[in-house]
Amino acid sequence: MTPPDLWRLSLENLWRTKLRSVLTTLGVVIGIGALVSMVSFGVGMQENVTSEFRENDLFTSMQVLPAKIDVGEIMAGGFEPPQTVKALNDSAVEAIRAIPAVELAFPEIRFPVTVRMMGKEARTSLQAVPAAMGRYKPFSEIPYGSFYASELVPISVDSLIGREVEIVSSTLDLQSAARAFMRSFTAPSRLPLREEVVRLRVVGVRGRLSGFGAARFRGGVIVPIETGAAMPRLGFSDVWDLLDSSEGTQGYGSVYVRTRGMDDITPVREAVEEMGFGVLAVIDELEEIKQTFLIMDALLGAVGTIALIVAALGIINTMVTSILERTREIGVMKAVGGSETDIRWIFFLEAATIGFIGGAFGLALGWAVTRIANVVANHYLRPQGVPEVDLFYMPVWLIAGALVFSVGVSLLAGFYPASRAARVDPVQALRHD
Amino acid sequence: MTPFVLTRDLCKTYQKGTVPIPVLQGVSLEVAKGEYVSVVGRSGSGKSTLLNLLGGLDTATSGRIVVGDSDVTSMSRQDLAVHRRSTVGMIFQSFNLIPSRTALENITLALAFGGYPRSDRRRRASELLSSVGLEHRLSHTPGELSGGEAQRVAIARALANAPDVLLADEPTGNLDSKTAEEIVGLLVALNSERGLTVVMVSHDEATAREVSHRVFRLLDGRVIDELSGRADG
Ligand SMILES: Nc1ncnc2c1ncn2[C@@H]1O[C@H](COP(=O)(O)OP(=O)(O)OP(=O)(O)O)[C@@H](O)[C@H]1O
Ligand SMILES: [Mg+2]
């Protein structure tokens with residue numbers, strides 16, 4: 001029998017038992033629908049995170065630390081500050097800047113401040129960022145006013161823009177503490193802090209920060225590097241400063257480095273490490289995140305696959321039933337010249353057809369589910385200030401893969417029934433009842 | 001006489017668990033081309049088994065079967081399928097038509113297995129049905145046909161791929177005597193007009209002797225008697 005004949009025959013067989021064929025196919029539709037929407041969700045998550053990383057240029061940035069530090073070791077409590085730590089000072093920053101492919105390197109200065117303006121005050125943190133960062137997210141998207149174009153703060157005029165703010169930072173006031181001690185011979189009840197006030201002008205106000213990339217620049221007040229470096233403050237502002245406070249070192253807690261491209265990360269990191277500094281790059285974390293996504297995808301895929309396995313059992317059940325019903329017919333086909341190969345193919349093609357049609361409709365179902373889920377999810381997320389986002393992603397490989405998988409699983413399910421049909425003994429099958 | 005169908009010491013033993021059940025115990029017979037022979041014998045004597053072996057539906061335990069110039073006993077399962085579709089045509093007591101298909105479709109299915117081009121099948125199938133007198137029953141399903149009509153469809157199907165030998169296993173067993181006569185008449189006509197070799201199993205020895213050239217009597221898996229039939233053999 002020619003392949004089209006075999007194909008036609010299996011379609012006729014499916015058509016003859018319409019209800020059963022439709023129900024069996026429905027099983028596959030649901031299985032593939034579940035698989036596709038699950039995997040689509042996993043892929044969508046990954047896609048959103050990766051593009052977030054990319055948009056925030058996290059693939060091209062790294063953090064340089066005074067010494068090679070193993071974060072895991074610190075977490076485990078086994079960290080001992082090295083005896084000789086190379087200072088991450090201005091000359092070190094210069095040296096890093098001189099590495100080819102380094103686009104930008106600046107010390108990370110961040111400390112808590114109080115902002116006073118128009119009779120109100122708020123506690124926040126101050127962060128020093130060079131004017132050159134104005135080209136990159138999140139500073140390239142300042143909704144009100146503008147980012148400072150140079151290290152010299154320009155003044156523009158608007159209701160808020162151009163106003164003066166008082167930035168209040170604290171320093172240790174050892175003199176007054178000592179004086180107080182001399183007077184009463186008691187230790188002060190609170191830290192002897194002194195307020196230092198600096199007046200600056202607002203040039204721009206940035207919008208709400210969201211996403212992974214923004215965390216690095218979450219400071220409430222952003223000032224140029226020179227301004228930030230010159231502001232009086234406590235000698236430490238974060239953990240790195242404390243770790244770094246061993247004798248003989250003086251310098252910054254960390255230095256932010258941007259490379260020209262993603263591929264430059266590795267050579268730049270090697271050069272920096274050669275200089276004796278430690279490097280933390282987000283790209284390392286990305287590998288971990290990818291690992292996590294792989295596990296999540298596998299779990300989501302497993303749920304979908306279970307649905308598909310149930311569908312495959314449905315196919316086996318339907319086909320075994322139909323073979324039992326059609327034993328005589330198989331005998332007749334053999335008596336008029338059908339070979340075992342012919343019979344096997346007829347049943348195989350029935351399974352393949354169920355798999356293909358089920359896969360196609362399953363894809364449609366999966367797509368519909370993801371669209372609806374997306375609308376619903378965004379509807380609930382919007383009031384919470386989450387920007388509109390497509391939670392699902394359906395790449396071509398997922399579409400093609402789902403179809404191939406569906407047909408493959410169906411063929412696998414059809415394998416046993418088909419060979420059972422091929423082995424039907426025509427003498428038994430044709431024996432009169 | 002040069003035999004067209006030949007069996008030599010043909011044995012078939014079924015295995016019921018560990019118990020061997022010998023059904024054919026050395027059947028040797030020869031049938032010439034264009035001959036009409038019948039096989040008679042008591043129920044259980046092995047008539048159907050012999051016919052199924054000739055038709056390539058079953059395989060012998062030992063001995064030889066030759067049809068035309070091919071050794072059926074040495075055929076692979078694929079070759080047996082080719083043998084069934086092109087050398088022999090089989091009809092059965094219970095017709096064995098596919099109930100969901102019309103008379104015409106039952107025949108086009110056989111033509112499809114025989115490798116007939118699709119465009120030709122319907123035309124040839126209706127010609128075959130006309131030749132057995134059923135031109136007015138093309139689109140009837142087996143359930144809508146009388147027993148005689150169903151057996152005619154089965155005969156037309158057996159002839160679909162132009163076989164050399166027609167194997168008929170009690171073709172009139174389910175029919176009343178008048179219809180049975182018509183069916184046997186059709187087989188005789190096919191034999192005499194087209195020179196088709198016919199091997200028919202029957203339990204009616206008188207009719208068998210009347211219509212066949214020769215009659216073999218089977219008992220317990222052996223040919224115990226060869227009777228002469230109608231004169232022109
Ligand atoms: N698959 C089998 N397993 C065991 N025994 C079998 C098998 N097939 C047939 N037999 C036995 O072989 C013997 C011959 O069977 P066969 O059908 O050839 O007889 P028959 O002459 O055609 O009888 P009838 O006139 O009733 O059709 C019977 O006794 C039957 O029980
Ligand atoms: Mg019998």
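With R₀ set to 41 Å, the beta-carbon distance separating A:Val310 from A:Arg54 gives a calculated FRET efficiency near 0.60.
Farthest towards the positive end of the charge dipole of the stretch A:243-398, among the residues A:Leu398, A:Gln384, A:Asn317, is the Cα of A:Asn317, using unit charges on the Cβ of Lys, Arg, Asp and Glu.
With r as the distance between the Cβ atoms of A:Ala229 and A:Ser91 and R0 = 22 Å, compute the FRET efficiency 1/(1 + (r/R0)^6) and round to 0.05. So, using R0 = 22 Å, E works out to roughly 0.90.
Counting only other residues whose beta carbon sits under 14 Å from that of A:Phe41, what net charge do I get with K and R as +1, D and E as -1?
Details: positive: A:Arg371; negative: A:Glu47, A:Asp297, A:Asp390.
So the environment of A:Phe41 carries a net charge of -2.
Once the chain from A:Thr292 to A:Val389 is taken as fully extended at 0.36 nm per residue, the excess over their C-alpha distance is 32.8 nm. Filter the cross-link list A:Lys86/A:Lys137; A:Lys137/A:Lys290; A:Lys86/A:Lys290 down to pairs whose alpha-carbon distance in this structure exceeds 25 Å. Exceeds cut-off: A:Lys86/A:Lys137; A:Lys86/A:Lys290.
Send over the Kirkwood Rh of the stretch A:309-433, from the inverse of the averaged 1/r over different Cα pairs, rounded to one decimal Å. By the Kirkwood definition, the hydrodynamic radius is 17.1 Å. Three semi-axes describe the equivalent ellipsoid of the protein assembly as shown; taken as square roots of 5 times the Cα gyration tensor eigenvalues and ordered largest first, they are 96, 25, 19 Å. For A:Glu270 and A:Ala132, the difference between the fully extended length at 0.36 nm per residue and the C-alpha to C-alpha distance is 47.2 nm.
With a threshold of 22 Å on the Cα-Cα distance, the over-threshold entries among B:Lys16/B:Lys47; A:Lys334/B:Lys12; B:Lys47/B:Lys178; A:Lys334/B:Lys16 are B:Lys47/B:Lys178; A:Lys334/B:Lys16. With a cut-off of 14 Å, note down the residues of the stretch A:290-326 whose backbone N falls inside the zone around a label point 7 Å from the Cα of A:Phe415 toward its beta carbon. Residues A:313, A:316 qualify, since their backbone N sits under 14 Å from the label point. Other residues with beta-carbon under 14 Å from the beta-carbon of B:Val88 carry, at +1 per Lys or Arg and -1 per Asp or Glu, a net charge of +1.
What FRET efficiency do you get for A:Arg194 and A:Ser146 if R0 is 30 Å and r is their Cβ-Cβ distance, rounded to the nearest 0.05? Kindly include the intermediate steps, with their values, before the conclusion.
Working: r = 34 Å, r/R0 = 1.13.
The formula returns an efficiency of 0.30 here.
Within the shell defined by Cβ-Cβ distances under 14 Å, the residues around A:Val93 carry a net charge of -2, with Lys and Arg each +1 and Asp and Glu each -1. Pair-distance distribution of chain B: all C-alpha pairs, bin width 10 Å, starting at 0; shares per bin in whole percent are 8, 33, 36, 20, 3, 0.
Distance between the C-alpha centres of the stretch B:163-210 and the stretch A:115-154: 105 Å, rounded to the whole angstrom. Between helix B:177-194 and chain B there is an angle of about 90 degrees, using the helix long axis and the longest principal axis of the Cα atoms. Karplus-based coupling profile of the stretch B:121-133, in residue order and whole Hz: 5, 5, 4, 5, 4, 6, 4, 4, 5, 5, 5, 9, x, with θ = phi - 60° in 6.51 cos²θ - 1.76 cosθ + 1.60 and x standing for Gly or Pro. A crude spin-label estimate for the pair A:Tyr380 and B:Arg118, with each label 7 Å from Cα along the Cβ direction, gives 5.1 nm. Over the stretch B:99-148, with a single point scatterer placed on each C-alpha, what log10 of the ratio I(q)/I(0) does the Debye formula yield at q = 0.18, 0.24, 0.27, 0.30 1/Å? Results for the stretch B:99-148 at q = 0.18, 0.24, 0.27, 0.30 Å⁻¹ read -0.52, -0.86, -1.03, -1.16. From the Kirkwood radius over Cα pairs of the stretch B:187-226, Stokes-Einstein at 37 °C and 0.692 mPa s returns a whole-number translational diffusion coefficient of 294 µm²/s.
Each residue, A:Ala373 and B:Leu227, gets one label point 7 Å from its Cα in the Cβ direction; the gap between the two is 7.8 nm. Projecting label points 7 angstrom from Cα along Cα→Cβ for A:Gln175 and A:Gln428 puts them 10.8 nm apart.
Considering helices alone, the calculated mean residue ellipticity of the protein assembly as shown at 222 nm is -15000 deg cm²/dmol, with DSSP H runs of length four and up weighted by -39500 (n - 2.57) and normalised per residue.
In order along the stretch B:47-52, the Karplus-derived 3J(HN,Hα) couplings, from 6.51 cos²θ - 1.76 cosθ + 1.60 at θ = phi - 60°, round to 5, 4, 4, 4, 5, 5 Hz, and Gly and Pro are given as x.
Counting other Cβ atoms within 10 Å as a rough exposure proxy, the listed residues A:Arg260, A:Arg344 run A:Arg260, A:Arg344 from fewest neighbours to most.
All of the numbers you see were taken from the coordinates with simple rules; none came from a lab. In this text, all values refer to a predicted model and were calculated from it rather than measured experimentally. Please note: Cβ atoms are built from the backbone with ideal geometry, for glycine as well, and neighbour counts cover all protein chains shown.
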